[in-house]
Structure formats: C-alpha cells, structure tokens
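Engineer: Can you read through this structure? Questions will come right after.
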Amino acid sequence: MMDSIAVFCGSSIGASEAYKEGAILLGKELAKRNITLIYGGASVGVMGTVADTVLREGGKVIGVIPTLLEEREISHKHLTELIVVNSMHERKSKMMELADGFIALPGGPGTLEEFFEVFTWNQIGLLQKPCGLLNINHYYDLLIGLFDHMQNEQFLQAQYRNALLVDEDVVGLLDKCAAYAPPAVKTYQTNK
C-alpha cells in the first residue's frame, strides 16, 4: 500500500503552463487517494504548487529542507510538517526513509540528481520502491530515450529499464506505482 510518495520537482514554475497544471492534478490525486506528499519543503515553483494543492484538497504534506535552502527556496510555512536538516544528503536520506515511492515532475539538475539516486539505490537493492517520471508535456522524452540508449548499449539491464515507470497521466502513473513489483537486485559479471 502506498501511504506516501516523494515528489522531486523544480523550484521554478517552468516555461509551460502544463507543468503547473500537472502539479495541480498530481496534488489533487494524492489527496484523493490519501497519500502523504513528501517533498523538498519549498513554497515556490512546481514544488510549491503541488504542496499547495495537496493542502487545499485536505491532504497531508511533509517537507524536508536543508538549512542552506530554507531561506533561499522560501520554505513553506503551512505544511503538515516541515523537517529542517543540515545538508542535501540528509534531505534525500530523510525523503527516502519517509516515502513508499518516488515521482519526478519537471525540474532541473537537482530534480534529476535526486531521482537518479533513488533509481540507482533501487537497482543495487538499498531500496525496493517504485520510481516514476510524470512526463508532462513530453518533458522527459529525451531522458527516456537516454534510458533506452543505456539499455541498448548494455549499461542498463532490461529489468531495470522496465522498472522505470513512465506515464503522461497522473492516475496512470500512480496506478503503476501502486502495482509495482521490484526487480531482482543487480548482479555483476566479471570482465572477460
């Protein structure tokens, strides 16, 4: 059962209104399903939009923000709970601990760095939780193509490529997360 989902996303709103609309749809669906939002704790950008929506719809939101960004990202003052940590590493670790799954909305390098860490941890068996990309407005098409390229070039095994959950639709992605069955822990072959 999915009680909580960590959402990685931008502290900017992005160039397209579609990103804001997608964040609102995700926030509404999380609240409807009674899934707690775990996120980076900011009140701005896509981050603030998804948190505001969950709260407005009566849902629960836990923000995790490092002291370094508490002022810069303008920490959200109306969350169910705001956890202030000392570093970015602690932020990710706490989010991984609290969440039953992970979704990336559009965002920049920080969003990708957070997503890639949880995806990698799943691959090596430190986590066994769903990782999904909400492909709003085809934002992640190039990244999805890169995952395909990794598999074709034999740097990513098919079972882990298939474990990457992707959908353009909020309901579809959350359903995939709920039905997720983790692949076997990665094994390694010696060089010949």
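The values are calculated or read from the model by the stated rules, or taken from the named source; none is laboratory data. None of the values given here were measured: they were computed from a predicted structure. No Cβ is skipped: glycine too gets one built from the backbone with ideal geometry, and neighbour counts run over all protein chains shown.
Engineer: Which of the residues spanning the stretch 1-20 are more than 21 Å from Ser75 (Cβ to Cβ) and in a loop (DSSP other than H, G, I, E, B)?
Structural biologist: Residues satisfying the conditions are Met1, Met2, Asp3, Ala15, Ser16.
Engineer: Would you point out the residue of the stretch 161-192, among those that are in contact (Cβ under 8 Å) with a residue 40 or more places away in the chain and part of a helix (DSSP H, G or I), that is farthest from Gly27 (Cα to Cα)?
Structural biologist: The extreme case among them is Ala163.
Engineer: Let me ask you something else. Could you please let me know if Ala23 is crowded, with 16+ Cβ neighbours inside 10 Å, part of a strand (DSSP E or B), within 16 Å of the chain's Cα centre (by Cα) and among the hydrophobic types (A, V, I, L, M, F, W, C)?
Structural biologist: no
Engineer: Can you tell me which of Leu79, Leu69 is assigned to a helix (DSSP H, G or I), touching a helix residue (DSSP H, G or I) at 6+ places or on another chain (Cβ under 9 Å) and under 15 Å from Ser43 (Cα atoms)? Break it down stepwise before answering.
Structural biologist: Numbers: Leu79 fails: assigned to a helix (DSSP H, G or I).
Matching residue, one of Leu79, Leu69: Leu69.
Engineer: Right, next: Being in a helix (DSSP H, G or I) and either over 20 Å from Lys92 (Cβ atoms) or out of contact with any Cys (no Cβ under 9 Å at 6 or more places or on another chain) (or both) is the filter here; which residues of the stretch 30-55 pass it?
Structural biologist: Leu30, Ala31, Lys32, Gly48, Thr49, Ala51, Asp52, Thr53, Val54, Leu55
Engineer: Filter the stretch 3-12 for residues that are surrounded by fewer than 19 Cβ atoms within 10 Å (Cβ to Cβ) and either under 14 Å from the mean Cα position of the chain (by Cα) or among the small types (Gly, Ala, Ser) (or both) and give the result.
Structural biologist: Residues of the stretch 3-12 surrounded by fewer than 19 Cβ atoms within 10 Å (Cβ to Cβ): 3-4, 12.
If the condition is that a residue be surrounded by fewer than 19 Cβ atoms within 10 Å (Cβ to Cβ) and either under 14 Å from the mean Cα position of the chain (by Cα) or among the small types (Gly, Ala, Ser) (or both), then Ser4, Ser12 are the ones that fit.
Engineer: A further question follows. Taking the stated definitions as given, is Ala15 under 21 Å from Leu133 (Cα atoms), more than 17 Å from the chain's Cα centre (by Cα) and modelled with pLDDT of 95 or more?
Structural biologist: Answer is yes for this residue.
To keep it simple, each residue is scored yes or no on (1) β-branched (Val, Ile, Thr); (2) surrounded by 19 or more Cβ atoms within 10 Å (Cβ to Cβ).
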residue: Val84; (1), (2): yes, no
residue: Ile136; (1), (2): yes, yes
residue: His149; (1), (2): no, no
residue: Lys176; (1), (2): no, no
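Engineer: Filter the stretch 44-64 for residues that are in contact with a strand residue (DSSP E or B) (Cβ under 8 Å, 6 or more places away or on another chain), more than 13 Å from Arg33 (Cα to Cα) and of a type outside the set (A, V, I, L, M, F, W, C); which is surrounded by the fewest Cβ atoms within 10 Å (Cβ to Cβ)?
Structural biologist: The selected residue is Gly48.
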